[in-house]
1. Taking the Cα centre as origin and putting +1 on Lys and Arg beta-carbons and -1 on Asp and Glu beta-carbons, what dipole magnitude results for the chain, to the nearest 20 debye?
2. Return the label of the correct value of percent of Cα pairs over 23 Å apart, as calculated from the structure shown, out of (1) 29; (2) 24; (3) 40.
3. Between segment 94-142 and segment 1-66, what is the C-alpha centre distance in whole Å?
4. At 0.890 mPa s and 25 °C, plugging the Kirkwood radius over alpha-carbon pairs of segment 53-108 into Stokes-Einstein gives what diffusion coefficient in µm²/s?
5. Could you tell me the calculated FRET efficiency between Leu83 and Leu38, based on Cβ-Cβ distance and R0 = 25 angstrom, to the nearest 0.05?
6. Compute the length gained on full extension between Ser76 and Lys113: take 0.36 nm times their separation in residues and subtract their Cα-Cα distance, giving the result in nm to one decimal.
7. What's the whole-number percent of alpha carbon pairs in segment 84-142 lying beyond 17 angstrom?
8. Rule-of-thumb check for segment 1-71: C-alpha Rg over 2.2 N^0.38 Å?
Amino acid sequence: MLDGFSVIASSAWMYPALEVVHLLGVALLVGSLVVLELRVWGAGRALELAALARLALPVSLAGFGLVVLAGLALFSAHPGEMLANRAFLIKMGLVMAAGLNAAAFHARGGLRKADRVARAQTLLSLGLWLGVMICGRWIAYV
C-alpha cells in the first residue's frame, strides 16, 4: 500500500499540480510585496501606505501559506534528494533570512516610518526573494 508521500512521487499529475500551487503562492507573495515595497520607495504616493498594506500583507501571507503547504508536500516526495541539494539548502536559508528581515521591518515600524532603513529593508527583501526564486529553479539542475 502506498503512503501519501509515495503517491506524490509516483503520480504523473500530482507533483506538477503541486508545483503549480507552489508557483501561485510565490506569485501572490512576491507580487504583493513588490507593490508594497515600491510604495515604501515612494512610487504611487497617491495611495496611502497603510491602506495598501492592509490589502497587500494578507495576500502575501496567503501566498506564503500556499508556498509552505505545497513546498512541504513537494519536499515529502523526495526528502533525501532535497536535503542533499545545495540549491535547496541555500533557498531555505534565504527564506529564513527573508522572514527575519520582514519581522525586523515590522518590529521597528517600517510601514509607519518608511525611512531610509525601511527602504534598505525592502531592497534586501526583494533581493532575498529573487534569490529564493533563482535557487528554486536551480534545484532541478544541481
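Nothing in this text is a laboratory measurement; each read-out follows from the coordinates by a stated rule. Treat the numbers as computed from the prediction; the structure is a model and nothing was measured. Don't worry about glycine lacking a Cβ; one is built from the backbone with ideal geometry, like all the others, and counts go over all protein chains shown.
1. Details: 11 positive and 6 negative charges, 141 e Å.
The dipole of the chain has a size of about 680 debye.
2. Answer label, from the structure shown: (3).
3. 14
4. On the way: Rh = 12.8 Å.
The diffusion coefficient I find is 191 µm²/s.
5. On the way: r = 36 Å, r/R0 = 1.44.
Efficiency, rounded to the nearest 0.05: 0.10.
6. On the way: separation 37, 0.36 × 37 = 13.32 nm, distance 4.11 nm.
That works out to 9.2 nm of additional length.
7. Values: 723 of 1711 pairs.
Looking at segment 84-142, the distances longer than 17 Å represent 42 percent of pairs.
8. Values: Rg = 16.9 Å, N = 71, 2.2 N^0.38 = 11.1 Å.
Taking the Cα Rg and dividing by 2.2 N^0.38 Å, one obtains 1.52.
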